[in-house]
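The structure that follows is given in the form of structure tokens.
Where a number appears in this text, it was derived from the coordinates with a stated rule and is not lab data. These numbers come from a predicted model, not from an experiment. FYI the Cβ positions are ideal-geometry reconstructions off the backbone, even for glycines, and counts take in every protein chain you see.
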Amino acid sequence: MNYYNSIVETIGNTPMVKLNKIFKGIQGTVLAKVEYFNPGNSTKDRMALKMIEDAEAAGILKPGGTIIEGTSGNTGMGLALTAIAKGYRCIFTMADKQSQEKINILRAVGAEVIVCPTNVAPDDPRSYYSVARKLNKEIPNSIYPNQYDNPSNAKAHYLATGPEIWKQTEGKITHYVATVGTGGSMCGTAKFLKEQNPKLVTVGIDTYGSVFKKYKETGIFDENEIYPYLTEGFGEDILPKNVDFSVIDMFIKVTDKDGALMTRRLSREEGMFVGWSSGSAVHGALEYAKENLKKDDVMVILLPDHGTRYLAKVYNDNWMKDHGFLETRMFASTARDIIQARNGKDSLCTVANKAKVSEAILLMNKEGIDQIPVTEGEHFVGSVSSSMLLEKIMEDPELKHKSITEVMDKPMQFVAPDSTLDVLSSFLNKENKAVLVRDENQKVHIITRHDVLKAISS
Ligand code: PMP
């Protein structure tokens, strides 16, 4: 008889499928490694099983133990399946930006899920990283596998995903493209493939709002690069140990919108009903392939998960319209258009964090502006607005003589140059009076609510 002893034995050996329509006209062969064929419908099944097997082998996880993890859902699914097969309890912490489907799915396979706020710093006690750590300390016989830093994560891909791709392409693979979250599926696979062929090129896919690309290019961990984004599962505000920058040759950043639209194309044009990050990976890969791929090249793109988890988002037309991702949107212009309309006449006014509050007020009066970013050297460390200063000075007139650092609000968020007016307006609210945009020449521009209103009415 031909059967498996438990569901986890079906993990791995996923098929590779040619992308026929999306890469039409591009030289070379482009193949998708379709990871939703894993039993938990994602590539994360591989490393979930490996983290548990390695913990058992090391004697850290004992029968009847509890597995606690901070997960965007897919690792949770892999861990939950492994826990069922091996008899463990699972508790997962998750950021509240994740789709409700992901939470429901985890509860369906018997896990306990704790939802935590997205927009807090990783070291904030409310963050899903911190809550997971705290539970691990409190619950006896529990383990916190910590997919970000656990070497078993990348190792699972080094031992399986890499060799599978090498075998499936008969060693002909020349380019490997994957999204980078914890880094496991990119770096474990890349390490193996580069050992077979040191000339192989790897392209990591990053999001706007994440630190990876800048860190790779400059060695700087720039907190100003961090802002909330919608895409789920990759891009980070931390540097996980599983991200081995030495095996990632370059990063390409993909916007939420481009990723979402390509996700829908994969379903409709290739019949691959994949998740959002798959669309981001393919969009970035296409951008790279257009310029670089040659006739004999073989590019493999890892597609991490399945579309069912995104029915309420990427596959919901109303949600797409609300976010300005569908072309039926009312306002076609973007942050770039607003900046270009200034004809290079704008220069960003900033105030140093060491300056006095009175100096900022003087500057705002002189320039006729209502908000101003606060800088420390090249970094954007805060912001002040006239209404906020007025309110605070009314309470304490002495504040005028104090330094800006004592009164400033959080820094303005950076948004991508091709953010549409709809997206810009969703960022601009009572708390965020302006956003910043770094253009292709690294020059920083400010966009206020007034700018967006002007663009809408013109
Ligand atoms: N896409 C999705 C949907 C994911 O869940 C993950 C895992 N966080 C990734 C991409 C990135 O994979 P990795 O953690 O291996 O970098």
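Sorting M262, M16 on the 10 Å Cβ count, fewest up front, what's the list?
Ascending Cβ contact count within 10 Å gives the list M16, M262.
Please figure out what share of the DSSP beta bridges in the chain is antiparallel and state it in percent, rounded to the nearest 5. Could the numbers behind the result be given before it?
Numbers: 19 of 55 bridges.
DSSP beta bridges in the chain are roughly 35 percent antiparallel.
Then there is this: Please report, in debye to the nearest 20, how large the charge dipole of the stretch 209-285 is about its Cα centre when each Lys and Arg carries +1 at its beta carbon and each Asp and Glu carries -1 there.
240 debye
Calculate, axis by axis, the spread of Cα positions in the stretch 84-196 along the three principal axes, and write the results as whole Å, longest axis first.
Principal-axis extents of the stretch 84-196 (Cα, largest first): 47, 34, 27 Å.
List I91, I84, I60, I205 from most exposed to least, where exposure is judged by having the fewest other Cβ atoms within 10 Å.
With the sparsest Cβ surroundings first, the list reads I60, I84, I91, I205.
In square nanometres, what is the average projected area of the Cα convex hull of the stretch 25-82?
The number I arrive at for the stretch 25-82 is 5.8 nm².
If you don't mind, another one. Please name which of V177, T66, I11 has its Cα lying farthest along the dipole of the chain towards the positive end, using unit charges on Cβ (Lys, Arg +1; Asp, Glu -1) and the Cα centre as origin.
Of the options given, the answer is I11.
Right, another one. Considering the convex hull of the alpha carbon atoms of the stretch 72-130, report its projected area averaged over all viewing directions, in nm², one decimal.
Average of the hull's projected areas for the stretch 72-130 equals 3.7 nm².
May I ask you to work out the translational diffusion coefficient for the chain at 10 °C, viscosity 1.306 mPa s, via Stokes-Einstein with Rh from the Kirkwood sum over Cα pairs, reported in whole µm²/s?
67 µm²/s
For the stretch 347-404, what number results from the quotient of the Cα radius of gyration and 2.2 N^0.38 Å?
Normalised by 2.2 N^0.38 Å, the Cα Rg of the stretch 347-404 equals 1.04.
Under 8 Å for C-alpha pairs, at least 6 residues apart: give me the relative contact order for the chain, rounded to a whole percent.
14 percent
What net charge is computed for the residues neighbouring K216, neighbours being all others with C-beta under 14 Å from the C-beta of K216, Lys and Arg scored +1, Asp and Glu -1?
Values: positive: K213, K214, K253; negative: D206, E217, D222, E225, E236, D244, D249.
Result for the neighbourhood of K216: -4.
Rg and Dmax of the stretch 1-116, using alpha carbons, in Å: what are they?
16.7, 55
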